Structure formats: structure tokens, C-alpha cells
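The values are calculated or read from the model by the stated rules, or taken from the named source; none is laboratory data. This structure is a prediction, so every number in the text was calculated from the model and none was measured. Cβ placement follows ideal geometry from the backbone for every residue including glycine, while neighbour counts extend to all protein chains displayed.
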Amino acid sequence: MSKKSVTAVVLCLALAATAALAASEHPGKESIEKSGYKGPETCEECHPGTAKAFLDTVHWKHASKVTNVDNINPKLEYGMKNRIYVMCNGNDIVNNLKEIPKSPVTGKSKFSGCNTCHPGNHLSDVGSTGPAAAAAVDCLVCHSTEYDFRQRKAFKNEKGEVVMGQDRSTKAALAIGKPTVKNCMVCHEAAGGGVIVKRGFSFTKDTDAHAAKGMVCVDCHKTKNHKMPTGHDPNNWANDGVFLSCADTSCHGVKPHKDADLNRHSAKIACQTCHIPRTGGAFAKDFTVWEQTPDKFYEPTTLKKEANETTPAYAWYNGTVKNTPHFIGPKGSRKDGKSKITPFKIFQGRAYYNKQTGELLSMDFAQPMSNGDTRAGVLSAAKTLGLKNPEKIAKEAVPGWQTIYFGSNHLVTKTKALYCANCHAPNGVLNFKDLGYSDKEIVKLTSPELYMEKVAKKQKEEW
Amino acid sequence: MKKAVSVMVLVAVAALSILCFGSMASAGEEIKMVGVITKIEIAGPDAKTATATLKDNKTEQPVVITVNDDLTLDKFKDHRIVEGDEIRCKYEVIDGKNVSKLFRKTAGC
């Protein structure tokens, strides 16, 4: 190769590298550098109408119409804005971000509330609309990798209103792009009262096959106009009307395995059953007894495990949900033609029930967080919701348990996936009796007869 | 006299053994604690290590933790974890340093 040719190749490579670098960088840097960052109006220069459209998403509304859950009104919207259940027991309405009463021990207060993670400024809060709401959207908390979280703190303005601060610095705005895992985990990591409490997973290369491949949350939860596709978790009701599945053609398709026998399983077995054999997080919580923490405030008593430290329960699931005061979980059966055997993270929580109606009551956390008085929290929530005789309700409220089946859709593994004998054996993880199989069928389903020849052959090949 | 010397030697050997085995056990042992951060020391945005001093909730003694994992370092850098936060921590004593194996805020929403 001549000197000239080598120079040309080097030049081409340099050009390609520069182009690739430029392509990965978000456009508009010069404009932001010149004019500074002014919030959504800066983003709107290139993305007109986006802030207004964002106000119609679950991330802003914390609620949506829900059509697959029993005992709710399909015309109303439900979500963490207003739901009453035992993972959180409060919600954005009754446990609105505020300065809680001073601790009787220390005389100190703090800001707390379910809507702390809402991407507004609290003056424009969950579900707000109009130009002020659009101007209050915190685009950078999801899109910047240089966000300074010292800015995202609640404070009181000159009118005494509680405001959630935002980092609207030029530095943060110059680091915008597709949300990283970190951006999502800012809120989703510590939901439910602490890290890995609510959903029991961490999205790291050590705990999830997708993360190990360098994928980020939005590679699967791929949005269109900020509408976020989700799976069908029985306890994740609010949705943007778009859903995702492992079997999507852009992901694994309906025949993901080379082995036809394994592909045949996918008609009745959810992918997660074999590929998410473990779960984690909180497995029990008590909202009727709060524990004092070293700062002398109180938190609900919570029992929890790390990611991958607990095992799921398995049930038939057809995408519809049984919802009663004491149970939220999957509906389905072996024979409905729609259900698949699916793994769930089991969580049980104790909270107060209305003695007269048997309904689960919600709680404002301000009072119990300050002094441990849980009934005061029930009273405050009952007043906020306009219940009749709130004092009587709070006084007579009866503690009780609710069991929740959470979807188990992360902690994906390829190497530690269940194999034949993990299910088809007398000590297998699936309880075929509970899943509706007859004794005769169970004898067949738990015998090595099913896989002996095939696995023996494979074993021979491998060794 | 001979007997007394023998007893003393035996006691000394026993004590030395306990000390040796004791320190061997603690070297690889994972220690759990919950405490409030009183100080974070990190050298700039490219730092690959940092130290955080926690005031142990049980003993009220300061414990200096060395943090090397990227996830926690990133939380120090963008101030998702700051002084005053309460931390649940697991660490191992390696070469005289308390090296973090788990470093998480206790709080959530």
C-alpha cells in the first residue's frame, strides 16, 4: 500500500469517527451555550408541543383509565395519584408533598410526600394542565447525565408554598440525551420506601442479562411521544395504553429458542417463568406500627431482601386482575385459552381497614412520620378524601393484611434460567396441583421420562 | 517451677492462636452497619475511589468507608447521596481499609 493510500484510509477513519461522535451528541448545543437553558421553552425550540403532550402521560398524571382490574370504575383514572393499597398505603392526594409536623424529640421537620418524584415543581403538580404546567416540566431530570441533585430539593417559597427545586443549569442542559439507567433509577430505584423495596430488582450487569449487554431501560420501554410501554403487572395499573412483550418482533419473537420443545413451552409458560427464577425486595410491611429511625422520625416496619434473594410464586395469568381489599393479583386458568403460567413477587402488607365497610383505608404519612401516630395519619387521609365521620373511622379502624402479586419482569437471566428438572420433578418449583393439573397428569409432568433421552444426548455432546 | 512455666507457655500459645484465628476471621468477614454520612471525600469527576465517614447508629463512632463501585461513586458525584443521608452499608476489612460491598440510602418514597 502506498503512502498516499495509507493517508487516505487514515483520513477516512478520522472523518467517520468524527461523524459518529457528532451523531451521538445531542444537537442544539451551540444554541443552549449561547442562550442558556430556560426550561422546557428551550427544548421546545426543536421539539415543539412536546411539553404540552407530556402532560397527558402517566409520568405526569400518575394515573390513567384502567380496564383490566376488578371492582374499579373503568371511566375513572387510577394510579399512584389515588390508589389505596398496602405497598404504599398513602398516595399523591392524601400524602401530598409537605413539611411534616416537627418531631417531638428533636423539634425538627422535613419535607415528605408520595409525589416527591413527580417531574414538575409541585406548584404544577400531578395531573396539572395548562401553560404553567408545561413550563414546569423537569425535562433534564430524565434526560441529563449531569443533573445536580442538590437542586432537586423541596423548599418553601416566599408565599409559603412547597416547591420542588430543579436543576436548570446550562451545564445540565448540555448533557442531554436518551435517558440512561441512572435517569430512570433516580425515582424507580427507591420507590416504596427504599432501594429495591417495591419491585425487588436492580438493573445492573450482575443482576440482569439485558443490563449485562449494555442495554438501558428505554431500549425495551421504548417511548413514542413520551408514552411509556409497560408489561402487564397486576399491581401496575396506570398505563399509557402501549404495552411491550418479550415476544415483540423487534426483541425475541414468538420462537426465541433454537429448540422446538422450548418454543412449544412459550404457548403456556411466560418467558419470565424460566428466565426470571428469583425475585427480591420487600416481602412484608406494617403500616400500623412505625419504627423510630436514628433521626427520631418514624418509618413503616419493613421486611426486605436483596435482589435475587427470594423466590416467586407461580400462577396462571391472563392479564386481568382480581382486586379486593385483601388481595390484588392475577386472574386466569389453565383452560381459558389466554393464560400463561407466570412468576410473581409476593408482598403482604398490614394497614387499617374501615370497620363499617371493610374497605382498605389510606394514610397521610405526615403524622406517623413525625410521632408514630398511625391513626392520626388515617384521620388526616379520611378528612382529605371527604369520608363521613373521619374521627370515628380512624378510631375504629381495624388492622388487617392485604396480599399483592407484583409482576416479576426484571432480573432476567440466560445462564441461570430454569431447566427441565427445575419444574418436571417432584421437587420442582411449580406446584402442578395448585395450577389445576390432575394427579395422573402430575405423575407424567414430574417424571424424567419427559426429557431423559434428549438431555442425556445433550449432556454427552457437552462433555 | 517447671509446671508453672509450662502452663504459662500453653496460655501464651492459646492466646496467640485465638488472636491469629480471630484476625483471620475478621479479614474476610462482611460487616453490616447503618449510619449517617458526616463527610464525603472524592477527588473530582473522574475519581475511581472515595471515602465516606459514617456515624454508626449503634456505637455512635465514626467509621471511614472506602467506596470503589461506579454506581455509588456516580451518586456522590451528582449528589444523589450527600452528607446527612442515612446509609445501609456492608463492608470488608481489606489491607486495613473498610471497603464497601453495599452502600445504599435507607430512605425512599
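For the reader, a short list of remarks on this structure follows.
- Qualifying position, being at the interface with chain A (Cβ under 9 Å from one of its Cβ atoms) and either surrounded by 15 or more Cβ atoms within 10 Å (Cβ to Cβ) or under 16 Å from the mean Cα position of the chain (by Cα) (or both), among B:LYS97, B:LYS105, B:LYS101, B:LYS90: B:LYS105
- Pair list, Cβ under 7 Å, 6 or more apart: the stretch B:47-73 residue surrounded by fewer than 15 Cβ atoms within 10 Å (Cβ to Cβ), other residue part of a helix (DSSP H, G or I): B:ALA47/B:LEU73
- Within the stretch B:67-87, the set of residues being over 19 Å from B:GLU29 (Cα atoms), in a strand (DSSP E or B) and more than 10 Å from chain A (Cβ to nearest Cβ) comprises just one member, B:ILE87.
- Within the stretch A:387-400, restricting attention to residues that are in a loop (DSSP other than H, G, I, E, B) and not polar (S, T, N, Q), the residue that is surrounded by the fewest Cβ atoms within 10 Å (Cβ to Cβ) is A:LYS388.
- A:THR293 being modelled with pLDDT under 95 and of a type outside the set (Lys, Arg): yes
- Qualifying residue in the stretch A:286-296 (condition: aromatic (Phe, Trp, Tyr), more than 24 Å from A:ASN91 (Cα to Cα) and away from chain B (no Cβ under 14 Å)): no
- Subset of the stretch A:144-166 [more than 19 Å from A:VAL126 (Cα to Cα) and either within 28 Å of the chain's Cα centre (by Cα) or of a type in the set (Phe, Trp, Tyr) (or both)]: A:SER144, A:THR145, A:GLU146, A:TYR147, A:ASP148, A:PHE149, A:ARG150, A:GLN151
- Flag if A:LYS258 is surrounded by 13 or more Cβ atoms within 10 Å (Cβ to Cβ) and basic (Lys, Arg): no
- Qualifying residue in the stretch A:194-211 (condition: part of a helix (DSSP H, G or I), closer than 28 Å to A:VAL242 by Cβ, at pLDDT 95 or above and away from chain B (no Cβ under 14 Å)): yes
- The stretch B:27-66: number of residues that are over 13 Å from the mean Cα position of the chain (by Cα) and in a strand (DSSP E or B): 8
- Condition check for A:ALA417: farther than 30 Å from A:CYS217 by Cβ, modelled with pLDDT of 95 or more and crowded, with 16+ Cβ neighbours inside 10 Å: no
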